[in-house]
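Quick note: the coordinates plus some simple rules give every number you see, no bench work behind them. Worth saying up front: this structure is predicted, and the values here are computed from it rather than measured. Because the Cβ atoms are built from the backbone with ideal geometry, glycine has one as well, and the counts that use them run over all protein chains shown.
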Amino acid sequence: MAKIIRKKISWTPSTSPDVEGYFVYAEIGKDPDYNSPKTDVGNVTQVYTDEVSTIPQTEDVIVHIGITAYDEMRNESTMVVIAAPFDFVAPDAPTDVKVEDA
Amino acid sequence: MLRLKTFLVSAALLLIVTAAYAEQFDLVEYWKYTGESVTVSWDPVDRATKYEVKSHRVESGNVVGIWETTETEYTFTGMKGGHYDMMVRAGDDSGTWSTWSVSIDPAVAIVDNEPRGWRLYFHIAPPSIPVIE
C-alpha cells in the first residue's frame with residue numbers, strides 16, 4: 001500500500017461567542033460558494049485533508065478550500081478561501097526489483 | 001403624549017445598505033459581528049425621567065429583552081445572529097409611557113441626519129484565512 005501524505009488545514013477561530021462549529025467547503029479549480037460540497041467538522045480549528053470528505057482525493061489539482069463559522073441556527077459567516085495544490089496519488093511503485101551478485 | 005424625536009445608532013458603525021432592503025423598505029442595515037456591542041441613542045424627551053429599550057428579532061418574531069435606563073442611549077451586547085429592530089419609549093414620574101418608537105419607522109429614526117428607517121444585522125464573524133501545511 002502506498003503512503004499518502006495528508007495536509008493539515010488550520011485557522012484562527014471566529015471572534016463570535018456563539019459559534020457552534022465550522023464548515024469546510026471544497027471545489028476544484030474555482031472558489032467554493034454556499035452551494036458547494038461541505039463537511040461539518042465541528043468546533044475545531046484544524047483538520048486533516050483525509051478527515052474532510054468533500055476534499056477530492058485526486059492527483060495534481062488545485063483545490064479551493066472555504067471555511068465558514070456557524071451558530072446554533074446554522075447561520076454562517078462570510079467564507080474565507082484559500083487555494084492550494086494537492087496531490088493525493090502516489091507514484092507507481094517500482095517494478096522488477098531483484099537482487100544480483102555484485 | 002410623549003414622543004421621541006430621533007433615534008439613531010452610533011455613527012461609528014459600518015453602514016451597509018443592501019439593495020433588497022433599500023428597494024423594498026428603504027431601510028438601512030448596520031452590520032455587526034455577534035459578540036460586538038452597539039450603542040443606540042435618541043433625543044431626550046421633555047418630562048421624561050426614564051426610558052425603556054427593547055429589540056425585536058425579525059427572524060423569530062421574539063422580543064429580546066426590555067431594559068430600563070435614565071440615559072438617552074443604551075448599549076446592546078451579546079446579541080445572537082439575525083436582524084433586529086430596536087425600540088424605545090419614554091416614561092415619566094407618574095408611570096405613564098409613550099408609545100414605542102421603532103427604528104424602522106422613518107418618522108422617528110434617522111440616518112446621516114435624514115429621516116430614514118434602519119435595523120441591525122448581527123452575523124457570525126468568519127475565521128481567519130486558513131493555513132495549509
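Along the Cα-to-C-beta direction of A:Val97, a point sits 7 Å from the Cα; which residues of segment A:1-40 have their amide N less than 15 Å from that point?
A:1-3
Reachable aspartates and glutamates from A:Lys30, Cα under 16 Å, same-chain residues fewer than 8 places away excluded?
The qualifying aspartates and glutamates are A:Asp60.
If you take the charge dipole of the protein assembly as shown about its Cα centre, with +1 on Lys and Arg Cβ and -1 on Asp and Glu Cβ, which of A:Ala83, A:Thr12, B:Trp97 is farthest toward its positive end?
It is B:Trp97.
Please return the longest range in chain A lying between exposed loop sites, taking GluC sites (Glu not before Pro), DSSP loop only, at most 16 other beta-carbon atoms within 10 Å, and leaving the sites out.
A:21-58
Past 30 Å, Cα to Cα: identify those pairs from A:Lys7/B:Lys32; A:Lys38/B:Lys32; B:Lys50/B:Lys80; A:Lys7/A:Lys98, in the order given.
The pairs that break the limit, which is 30 Å between Cα atoms, are A:Lys7/B:Lys32; A:Lys7/A:Lys98.
Return the sequence-ordered ³J(HN,Hα) values of segment A:20-26 in whole Hz as given by the Karplus equation 6.51 cos²θ - 1.76 cosθ + 1.60 applied to θ = phi - 60°, using x for Gly and Pro.
9, x, 9, 9, 10, 9, 8
Which of the listed residues, A:Thr95, A:Thr68, A:Thr54, is farthest toward the dipole's positive end in chain A, when Lys, Arg count +1 and Asp, Glu count -1 at the beta-carbon?
The listed residue farthest towards the positive side: A:Thr68.
Using only the alpha-carbon atoms of the protein assembly as shown as identical scatterers, what base-10 log of I(q)/I(0) does the Debye formula give at q = 0.08, 0.12, 0.13 Å⁻¹?
-0.45, -0.76, -0.84
At 7 Å along the Cα-to-beta-carbon direction for both B:Glu73 and B:Trp97, put a label point, then send me their distance in nm to one decimal.
It is 2.4 nm.
Taking R0 as 35 Å, what's the FRET efficiency between A:Ala2 and A:Glu72 from their Cβ-Cβ distance, rounded to 0.05?
The formula returns an efficiency of 0.25 here.
Looking at chain A, which chymotrypsin sites (Phe, Trp or Tyr not before Pro) are DSSP coil and have at most 12 other C-beta atoms within 10 Å of their C-beta?
In loop regions of chain A (DSSP not H, G, I, E or B), the sparsely surrounded chymotrypsin sites (Phe, Trp or Tyr not before Pro) are A:Tyr34.
Chain A: D in µm²/s via Stokes-Einstein (Kirkwood Rh, Cα pairs, 25 °C, 0.890 mPa s)?
The Stokes-Einstein estimate is 160 µm²/s.
Using a Förster distance of 30 angstrom, determine the FRET efficiency expected from the C-beta separation of A:Ile62 and B:Val58, and round it to 0.05.
The computed FRET efficiency comes out at 0.15.
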